[in-house]
Amino acid sequence: MKYRCLILDHDDTAVKSTPDIHYPSFVEALRVLRPDMKPLKLGEFVRYCFNPGFYGLCKDILKFSEEEQQYQYDIWKRHTKSKVPGFYPGFADLVKKYKESGGIICVVSHSESPQIIRDYMLNCGLSPDLIFGWELEEEQRKPNPYPILEIMRRFSLENRNILVVDDSKPGLDMARSCNIEFAGAGWSHVIPEIKDYMKANSDHYFPTVDSLERFIFST
């Protein structure tokens, strides 16, 4: 294999969760927290999550107080616990094949570890080797470099041993901060400007899961 370790995003890279879980939960929260605000459309929500990222949307754009952030978080938790997203076609097979070949699977996500483990166990029959989720402190979440640096330390990896796979700018920024190769998960992109940005800035861009798998296992 080209890489000893894959660092995978979860939402909209491994699982299709934004349209069915994250967006509806956020709309529900906004109805209470910002009742006079025009509801965000799905495309607008995706754009904000792409840049400045979900945390930036809450903190800098909507200026949620700590109490409001907690309210939104509680609604989101209810949605994530009650709905199990499916993996994109072929993604579970890629993960299982990579693990069987001796690879290390790490997940760096803005979802939480218990839900990520649940999704992997149900879809892949295994748990990632290491997870860095939303439950961590802000400075330990992507786009901060902490997850990559900790993965490199724990598994004695060098930069060239790792590939980051993500559909979002925070994942790209995290990879760039550590000089790690980045693969854009293009199978989830439907907004032209996001697709164009990721194509232009990724080291590798894959429109399908199959094309990513062929690349990873090519010699």
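The set of residues in the stretch 84-102 that are surrounded by 14 or more Cβ atoms within 10 Å (Cβ to Cβ) and not in a helix (DSSP H, G or I) comprises VAL84, PRO85, GLY86, PHE87, TYR88, GLY90. Restricting attention to the stretch 175-196, the residues that are small (Gly, Ala, Ser) and either modelled with pLDDT under 95 or not in a helix (DSSP H, G or I) (or both) add up to 4.
Filter the stretch 103-143 for residues that are of a type in the set (Asp, Glu), touching a residue at least 12 places away in the same chain (Cβ under 8 Å) and open to solvent by 30 Å² or more (accessible area, probe 1.4 Å); which is nearest to CYS49 (Cα to Cα)?
Ranking the candidates gives GLU138 first.
Apart from one condition, PRO39 fits all of (1) assigned to a loop (DSSP other than H, G, I, E, B); (2) within 30 Å of TYR98 (Cβ to Cβ); (3) open to solvent by 10 Å² or more (accessible area, probe 1.4 Å); the exception is (2).
Cβ separations smaller than 7 Å between residues 6+ apart or across chains give the following pairs from the stretch 150-161 residues that are open to solvent by less than 90 Å² (accessible area, probe 1.4 Å) to residues that are among the charged types (D, E, K, R): LEU157/ARG4; ASN161/ARG4. Residue count for the stretch 162-172, restricted to those that are farther than 18 Å from GLY133 by Cβ and either assigned to a strand (DSSP E or B) or open to solvent by 10 Å² or more (accessible area, probe 1.4 Å) (or both): 3.
The requirement of being touching a residue at least 24 places away in the same chain (Cβ under 8 Å), among the aromatic types (Phe, Trp, Tyr), part of a helix (DSSP H, G or I) and open to solvent by 20 Å² or more (accessible area, probe 1.4 Å) is fulfilled somewhere in the stretch 55-65, by at least one residue.
The values are calculated or read from the model by the stated rules, or taken from the named source; none is laboratory data. The model shown is predicted, which means the values in this text are computed figures rather than measured ones. Methodologically, a virtual Cβ is constructed for each residue, glycine included, from the backbone with ideal geometry; neighbour enumeration extends over all protein chains shown. In case anyone asks, the SASA skips ligands and DNA or RNA and just uses the protein heavy atoms, side chains included. Shrake-Rupley method; radii C 1.70, N 1.55, O 1.52, S 1.80 Å.
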